[in-house]
Amino acid sequence: MVSIYEDKKVGDGSMLNRPGGAHRLCNDQCVKPRRYGQLTGSSQSQSEVSRELSRLWLWSIREGSKGGYACTMPNKTKKDKESSKSGKVGKSGGQENSEHESSNRKTSNSVPPTTQLLKGKQPGSQTPVKKDKRQSSSRFSLSNNRELQKLPAFKDVPPAEQEKLFIQKLRQCCVLFDFVSDPLSDLKWKEVKRAALSEMVEYITHNRNVITEPIYPEVVHMFAVNMFRTLPPSSNPTGAEFDPEEDEPTLEAAWPHLQLVYEFFLRFLESPDFQPNIAKKYIDQRFVMQLLELFDSEDPRERDFLKTTLHRIYGKFLGLRAYIRKQINNIFYRFIYETEHHNGIAELLEILGSIINGFALPLKEEHKIFLLKVLLPLHKVKSLSVYHPQLAYCVVQFLEKDSTLTEPTVMALLKYWPKTHSPKEVMFLNELEEILDVIEPSEFVKVMEPLFRQLAKCVSSPHFQVAERALYYWNNEYIMSLISDNAAKILPIMFPALYRNSKTHWNKTIHGLIYNALKLFMEMNQKLFDDCTQQFKAEKSKEKAKWKEREEAWLKIENLAKSNPQFLMYIDSVGSEGPMDMETDGPVLDDVNMLKKAVVEEATQIQKVHRERPLMRRKSELPKDISTVTALELHRRAEEMLTHDGH
């Protein structure tokens, strides 16, 4: 396991895209493309032909590829946290020892959640839909002379001439082609470029001492010419109309060439011959800035390669680390306060999760500011669901590094708590449980009262998933131990909400979960439970007395009104209905023992219910663009590619 450590040399960081245990969701579907002869039918449009050609090239490059992973953030218990505390460093420990132990102190939750390629995919059959392909043509400046000469293979030339041939092939691959307006043009030369890129990937992967100093500027230039371009306007709606879970991504038409360029550049960075001291003259701040701009690409395959590329650059170029973090911050600021629309937030947070995991202790002030001023405000954005697993992972990493950040973090979450968006509220409850799993008891005391006041509101929510998710907290052993230690403060806050909804909530499952929570409270502190019951009964009696006083006051007003000569005329016009009792009371507390008996009986029926099924939002099953789904399933993640091939 490798982490990125600040101001220290690091390894390859291959942990970035590794799927997380039981939370891995793997798509093993593999769809073969049609034969080449099927591409020339007269009934097919140019866009369809372009799509088939792209699929054919992808298949020839990566036959048998599998779909990507979609990983959710694993739950980490307090036990895991305590077992990992041995990795923490005492005040007398040295910096190097601190960083070494930090890399080994986490066992189950040290991998950032991986960004999904296929969002909102529903189980079962999907209805294919035929619609206009929205493949983007990024603003490439097409080359004038696109007739390429096929150069000899590396194995066919003497070793002394291979460097010259390598440079010739790199320059040849700087030629750009049209994949959209005229996809059938230059097919021969497109294939020459594809073959050259593929051969160079194999060449630097399986040969040593081939990356000489003259190669560095040629490689960086070739990458820049092919990749750094103006992205097209978003084809998906922006603002309030944008639904990141339903709107399909727009795939890059030139991907058959772009994928090989990304793969070649990653092999270049991963090569044992790669020397950062030479490369830093060409991979500079301007290069990084242009790379970061590409993260707004709509094609998730490109963002996946960008993520791994930027991660490698961060690990190998120490002088660029602060600049990369600063520019990522600027992207987040624009996203939060200006645009609220950016396609690469999840990927950037995934990179930051790996970076935060390697921060040395004690945390620098700039890192604390990053948590409070950047990560926490990201909870405000409407499209939180797209990147929430990665964001929650980053927040929990910070709290494990420095427990004193717990109070401002929890208070910020309560400040940003959704008022009308129930699915977002469920996400907040998920993250809050992750935080409580790693919270220190001394920090819990500081936030427990406002925290459980919010949980009481969630238990009372008419949206059953919100109430259900809040009540699942009572199945968490560590949270229950914290509640038990502070029951005198927590039970009086929670009891009224639990009692009122034990009979009045419309969902029967919620009734059982509430009785289970009441039973745990009753077993936790019998006397306190009785006191809360009596106190609640007294408060209800006061409310009824107050309601009776109000009703009597209204009757007095009504009697006075009857003495008015115009009263009969008014009654004839509006009717003679009396005041309506609007109070919705829970079950009557005539006997505490009867309540306890009911709690025990109802709770035993719900004890068999475990949190086995994930809480998920049911989405409408919209028709899918089968070509988009197939292209994403055929995509082979960059980390998977590098790991599989032994790098």
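The values are calculated or read from the model by the stated rules, or taken from the named source; none is laboratory data. Values in this document were obtained by computation on a predicted structure and should not be read as measured data. Here Cβ is always computed from backbone atoms with ideal geometry, including for glycine, and neighbour counts include all displayed protein chains.
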Region 408-457 - residue that is acidic (Asp, Glu) and within 18 Å of the chain's Cα centre (by Cα) and, of those, nearest to residue 375 (Cα to Cα): 431
Count of region 190-231 residues which are part of a loop (DSSP other than H, G, I, E, B), surrounded by fewer than 17 Cβ atoms within 10 Å (Cβ to Cβ) and of a type outside the set (D, E, K, R): 5
Sole exception among (1) free of Cβ contacts under 8 Å to residues at least 40 places away in the same chain; (2) assigned to a loop (DSSP other than H, G, I, E, B); (3) of a type outside the set (Asp, Glu); (4) in contact with a His (Cβ under 7 Å, 6 or more places away or on another chain) for residue 420, by number: (4)
Extreme residue, modelled with the lowest pLDDT, among residues of region 476-509 that are touching a His at 6+ places or on another chain (Cβ under 9 Å) and part of a helix (DSSP H, G or I): 503
Close pairs from region 208-221: first closer than 10 Å to residue 163 by Cβ and at pLDDT below 95, partner in a helix (DSSP H, G or I) and basic (Lys, Arg), Cβ under 7 Å, at least 6 apart: none
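A quick yes/no check of all residues on (1) in a helix (DSSP H, G or I); (2) buried (at least 16 other Cβ atoms within 10 Å of the Cβ):
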position: 382; (1), (2): no, no
position: 396; (1), (2): yes, yes
position: 437; (1), (2): yes, yes
position: 443; (1), (2): yes, yes
position: 450; (1), (2): yes, no
position: 456; (1), (2): yes, yes
position: 474; (1), (2): yes, yes
Pairs where the first residue, in region 154-178, is within 18 Å of residue 201 (Cβ to Cβ) and the second is surrounded by 16 or more Cβ atoms within 10 Å (Cβ to Cβ) and among the aromatic types (Phe, Trp, Tyr), C-beta under 7 Å, 6+ apart: 154/203; 162/154; 165/154
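Residue-by-condition table, conditions (1) more than 30 Å from residue 213 (Cβ to Cβ); (2) modelled with pLDDT of 60 or more; (3) part of a loop (DSSP other than H, G, I, E, B):
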{"residue": "130", "(1), (2), (3)": "yes, no, yes"}
{"residue": "133", "(1), (2), (3)": "yes, no, yes"}
{"residue": "142", "(1), (2), (3)": "yes, yes, yes"}
{"residue": "148", "(1), (2), (3)": "no, yes, yes"}
{"residue": "151", "(1), (2), (3)": "no, yes, yes"}
{"residue": "161", "(1), (2), (3)": "no, yes, no"}
{"residue": "168", "(1), (2), (3)": "no, yes, no"}
{"residue": "178", "(1), (2), (3)": "yes, yes, yes"}
{"residue": "188", "(1), (2), (3)": "yes, yes, no"}
Residue satisfying condition, being modelled with pLDDT under 95 and on the phi > 0 side of the Ramachandran plot, within set 340, 270, 302: 340
Residues of region 398-417 satisfying the condition of being in a helix (DSSP H, G or I), more than 23 Å from residue 363 (Cα to Cα) and out of contact with any Pro (no Cβ under 7 Å at 6 or more places or on another chain): 415
